[in-house]
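To start, the structure under review is shown below, and the notes come after it.
The values are calculated or read from the model by the stated rules, or taken from the named source; none is laboratory data. Only a predicted model underlies this, so the values are computations on that prediction, with no experimental measurement involved. Positions of Cβ are backbone-derived with ideal geometry, glycine not excepted, and every protein chain shown enters the neighbour counts. SASA here: full protein model, heavy atoms, side chains in, ligands and nucleic acids out. Shrake-Rupley method; radii C 1.70, N 1.55, O 1.52, S 1.80 Å.
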Amino acid sequence: RNQMGQTREYAERMNLLSMAPNVALCSTGFCLANTADDDEYICYQNETGAFTLNLGGASGTFTIEWLDPDTGDQSSGGTTTGAWLSK
């Protein structure tokens, strides 16, 4: 139930309908991307540890947000521009 509420919150802020799975962009293999219109990305990491997101085809500045779906804790990750995001 909590995760459904989190999904709804993201759907109100992002265009989830325009997103499609793109396993090549994120090293975890779990990524929804809208690269055609708004360059929006949602990545999921099902384990702890580092991962990367390839933003090489995107332009502009991206706001990063981290969400722990188990606790609902959200935190800002700042902003980034350019090719790769690593966590």
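Quick notes
- Annotation: for a label point projected 7 angstrom from Cα along Cα→Cβ of D70, residues of the stretch 1-23 with backbone N closer than 17 Å are 1-4.
- Taking amide H positions as modeled 1.01 Å from N, with prolines and chain starts lacking one, the residues under 5 Å from E65 and 5 or more places away or on another chain are G77.
- Extension gain for M14 to T52 (0.36 nm times residue separation, less C-alpha to C-alpha distance): 11.6 nm.
- Portion, in percent, of the accessible area of the chain that falls on carbon or sulfur, probe 1.4 Å: 49
- Potential lengthening of the chain between T61 and R1 amounts to 18.4 nm, from the contour at 0.36 nm per residue minus the alpha-carbon distance.
- Backbone amide hydrogens, once placed in the peptide plane, bring F51 within less than 5 Å of K87, excluding anything fewer than 5 places away on its chain.
- 222 nm mean residue ellipticity, helices alone, for the chain (DSSP H n ≥ 4; -39,500 (n - 2.57); rounded to 500): -4500 deg cm²/dmol
- Packing-based order for 27-36, 49-58, using average beta carbon neighbours within 10 Å, highest first: 27-36, 49-58
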